[in-house]
Ligand code: ADP
Ligand code: MG
């Protein structure tokens, strides 16, 4: 659903991402972890097309972003909802208006837009008056509004950049439970965090952890499916077709022209079983 292959991104000649490969299957939830400055936000920006990679390939919902025509960008973006640490809402506008903004881009009649926005707010458990300006709401409720806005167009992918970073622990826990509920309905989730509590929550719910360090993925870049395929392929080498060493003609003794093993057998006066797969030692002789 999301694939980065050998992706590079620099700012003013300083690399923020250095050959990142990260594959995420549809329906997977992935924690993108790493210290501040590791490149987490940069990676997410490439996925939601706020920026483009210098090199390598970013594929989202089957579309290679580097080869996208400008006119196609909004259509690919519809596959992605994003939530941020600082919510990025319009503070003076109501919860309903904030969410409706994302339904408006779908060019639906106003009535339909508002109905969708209400449904999205309900789906994230927003039980306050939807007509109050969001600036009067708690951080936890503001983040619910932001998640409702992200999910209003029913995108298959939800990205979070430190989505609980501005919340107190109990509100953070509620938002994580909401994300888990969203994941369990089949949405692909990619959540950047450097918060150990978020990591612990995700791991406890079977989310995969991909670790970024200094612009490189140091662990967890591929789904279990790919790792399994890889280990099967590796095992295949051991039991696969015979290699050159096994199929090469028998080495011949240069003097007699007989197979070398036969010469050795005669000179040592030892019977050698040629069909033994690994003759390591013959009666004590290495
Ligand atoms: P993280 O989200 O893991 O904290 P970032 O992706 O924000 O990391 O940053 C990775 C590196 O790229 C850092 O060294 C940061 O200073 C640099 N960087 C990120 N965005 C910009 C930008 N817009 N301009 C210049 N440097 C940037
Ligand atoms: Mg960041």
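Among the residues of segment 96-107, are any outside any loop (DSSP other than H, G, I, E, B) and farther than 26 Å from residue 189 by Cα?
no
Give just the number: which of (1) at pLDDT below 95; (2) under 17 Å from residue 171 (Cα atoms) does residue 145 not satisfy?
Here residue 145 meets the rest and fails (1).
Which members of segment 189-209 meet the condition of being in contact (Cβ under 8 Å) with a residue 60 or more places away in the chain, crowded, with 20+ Cβ neighbours inside 10 Å and assigned to a helix (DSSP H, G or I)?
The answer is 198, 202.
When segment 28-41 is examined, which residues are found to be more than 8 Å from ligand 1 (Cβ to nearest atom) and in contact with a helix residue (DSSP H, G or I) (Cβ under 8 Å, 6 or more places away or on another chain)?
Answer for segment 28-41, where residues must be more than 8 Å from ligand 1 (Cβ to nearest atom) and in contact with a helix residue (DSSP H, G or I) (Cβ under 8 Å, 6 or more places away or on another chain): 29, 31, 32, 33.
Within the bounds of segment 38-49, is there any residue that is part of a strand (DSSP E or B) and on the phi < 0 side of the Ramachandran plot?
So far as segment 38-49 goes, no, none of its residues is part of a strand (DSSP E or B) and on the phi < 0 side of the Ramachandran plot.
Can you pull out every residue in segment 197-215 that is within 16 Å of ligand 2 (Cβ to nearest atom) and more than 13 Å from the chain's Cα centre (by Cα)?
Selection gives 198, 199, 213, 214, 215.
Residues of segment 175-190 being in contact with a helix residue (DSSP H, G or I) (Cβ under 6 Å, 6 or more places away or on another chain) and more than 21 Å from residue 212 (Cβ to Cβ), which ones?
175
Can you report the number of residues in segment 54-88 which are farther than 30 Å from residue 171 by Cα, outside any helix (DSSP H, G or I) and away from ligand 1 (no atom under 13 Å from the Cβ)?
Total meeting the criteria: 12.
Can you spot a residue in segment 168-188 that is more than 24 Å from residue 127 (Cβ to Cβ), surrounded by 20 or more Cβ atoms within 10 Å (Cβ to Cβ) and in the same structural domain as residue 137 (by TED's automatic domain parsing)?
Yes, segment 168-188 has at least one match.
Of everything in segment 143-162, what is within 16 Å of ligand 2 (Cβ to nearest atom) and surrounded by fewer than 24 Cβ atoms within 10 Å (Cβ to Cβ)? Give them in sequence order.
161, 162
The values are calculated or read from the model by the stated rules, or taken from the named source; none is laboratory data. No experiment lies behind these values; they were computed from the predicted model shown. Cβ coordinates were reconstructed from backbone atoms using ideal geometry, including for glycine residues, and neighbour counts include every protein chain displayed.
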